[in-house]
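The values are calculated or read from the model by the stated rules, or taken from the named source; none is laboratory data. Computed from a prediction, not measured in an experiment: that's the story for all the values here. Here Cβ is always computed from backbone atoms with ideal geometry, including for glycine, and neighbour counts include all displayed protein chains. Calculation scope for accessible area: heavy atoms of the full protein, side chains included, ligands and nucleic acids excluded. Shrake-Rupley method; radii C 1.70, N 1.55, O 1.52, S 1.80 Å.
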Amino acid sequence: MVIDFHTHTFPPKIAASTLEKLSAASHTLPFTDGTPDGLRASMAESGVELSVVLPVATAPRQVEHINDSSAAISERSQETGLLSFGCMHPDYEGWHDELARIKSLGLGGIKLHPVYQGVDFDDPRTLRILDRAGELGLIVVTHAGLDVGFPGVVRCSPEMVANAVRQVGPLKLVLAHMGGWRCWDRVLELLPELPVYIDTSFSTGRMTPADSHYSEEELQLLDGGGFMELVRAFGPSRVLFGSDSPWSSQSESLDWIRARPLAGDELHMMLGGNAAGLLGL
């Protein structure tokens with residue numbers, strides 16, 4: 001079973017305008033129309049059987065509505081192949097009870113985005129969320145490293161991750177973008193010994209530019225050697241396939257990983273086995 005652990009969708013009414021705004025900020029092109037149906041079409045083409053949708057609350061007022069919508073998506077996962085996580089914003093006052101409600105809604109975890117939310121990963125407001133999520137058995141997926149749409153801004157550095165993990169209880173933590181987008185040298189130095197997972201989203205091959213903003217060198221992400229170095233450091237049992245759809249092609253991302261020197265059982269773990277275990281499938 002191929003599971004994409006890192007995807008995004010938007011309500012059809014705002015998908016086009018949202019993608020236009022995000023594409024302009026990142027100077028990259030999307031690979032779907034950003035809707036649930038667009039993701040499902042991509043899944044059918046690529047052979048992905050389940051996609052985990054990761055919503056982001058960019059303001060505290062959005063939290064409850066997004067979580068209700070996420071629960072509605074997940075209720076139809078057997079039919080659609082889309083399984084949504086919930087969200088949390090570090091400044092949401094009812095974080096303690098809302099995390100319990102997320103659990104009661106049957107959502108397996110939450111997504112944090114320190115850059116969009118303007119709060120460092122090792123800030124006390126984030127630490128309390130991590131600790132509570134660990135108590136409830138919720139998975140936490142966080143954006144890690146730089147963000148293509150916010151040049152130079154890092155609110156979840158490898159150093160912050162190490163500091164946070166030392167301060168909270170046991171936690172199912174997934175660091176997106178191979179542990180820290182464009183911070184991969186520091187990821188290798190600081191994070192492999194920590195009890196964390198990494199996902200492959202928006203980290204392999206090259207970005208697809210929307211204009212001439214980037215140089216050819218800037219478009220390059222991890223090459224095969226750099227990718228395999230991280231896989232060997234963490235071990236394939238702690239690597240999750242993620243595309244970051246619509247910002248990467250699910251088909252191209254899978255083909256790129258399958259072309260790496262990985263054994264069959266390693267590919268099985270990375271492309272779905274590890275995710276199935278985390279999700280309790």
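Some points to look at:
- Per-residue ³J(HN,Hα) for segment 166-183, Karplus 6.51 cos²θ - 1.76 cosθ + 1.60, θ = phi - 60°, Hz, x for Gly and Pro: 5, 9, 10, x, x, 8, 8, 10, 10, 9, 5, 6, 6, x, x, 4, 6, 10
- For Kirkwood radius over Cα pairs in Å, computed directly from the structure shown, the correct entry in [x] 22.4; [y] 19.8; [z] 18.6 is [z].
- Relative contact order, whole percent, for segment 80-200 stands at 23, derived from Cα pairs under 8 Å and 6 or more residues apart.
- Taking only protein heavy atoms and a 1.4 Å probe, the accessible area of the chain is 52% carbon and sulfur.
- Interatomic Cα distance distribution for segment 1-151, bins of 10 angstrom, percent: 11, 40, 37, 13, 0
- Residue-normalised accessible area of segment 29-161, expressed per residue, 1.4 Å probe, Å²: 40 Å²
- Phi-based couplings in Hz for segment 57-71 (Karplus 6.51, -1.76, 1.60; Gly and Pro marked x): 8, 8, 9, x, 5, 7, 4, 5, 4, 4, 5, 5, 5, 5, 5
- A 1.4 Å probe run over the protein chains yields, for segment 162-220, 47 Å² of accessible area per residue, whole-number rounding.
- Its Cα gyration tensor gives segment 1-47 an equivalent ellipsoid. The semi-axes, each the square root of 5 times an eigenvalue, are 21, 12, 9 Å from largest down.
- Accessible area in square angstrom per residue, segment 231-275, 1.4 angstrom probe: 35 Å²
- Part-to-part distance (alpha-carbon centres) for segment 193-243 and segment 93-164, which is given in Å: 21 Å
- FRET efficiency, 1/(1 + (r/R0)^6) with R0 41 Å, evaluated for Arg258 and Ser69 via beta carbons: 0.75
- Span per principal axis, largest first, for the Cα atoms of segment 132-171 (Å): 34, 18, 10
- Using the Karplus relation 6.51 cos²θ - 1.76 cosθ + 1.60 with θ = phi - 60°, the per-residue 3J(HN,Hα) values for segment 268-274 come to 4, 5, 6, 8, x, x, 5 Hz, with x marking Gly and Pro.
- Long-range amide H partners of Ile139 with built H, under 5 Å: Gly109, Ile110
- Per-residue [θ]222 nm for the chain (sum of -39500 (n - 2.57) over DSSP H runs n ≥ 4, rounded to 500): -12000 deg cm²/dmol
- Amide H to amide H, with H built 1.01 Å from N, Leu222 comes under 5 Å of Thr204, Gly205, counting only residues 5 or more places away or on other chains.
- Orientation-averaged projected area, Cα convex hull of segment 194-281 (nm²): 6.5 nm²
- In segment 43-115, Rg over Rh equals 1.02, where Rg is the alpha-carbon radius of gyration and Rh the Kirkwood radius from pairwise Cα distances.
- For His6, the residues whose modelled amide H falls within less than 5 Å of its own, excluding neighbours fewer than 5 places apart on the same chain, are Val52, Ser243, Asp244.
- For segment 181-244, the spread of Cα positions along the three principal axes, ordered from largest to smallest, is 40, 21, 17 Å.
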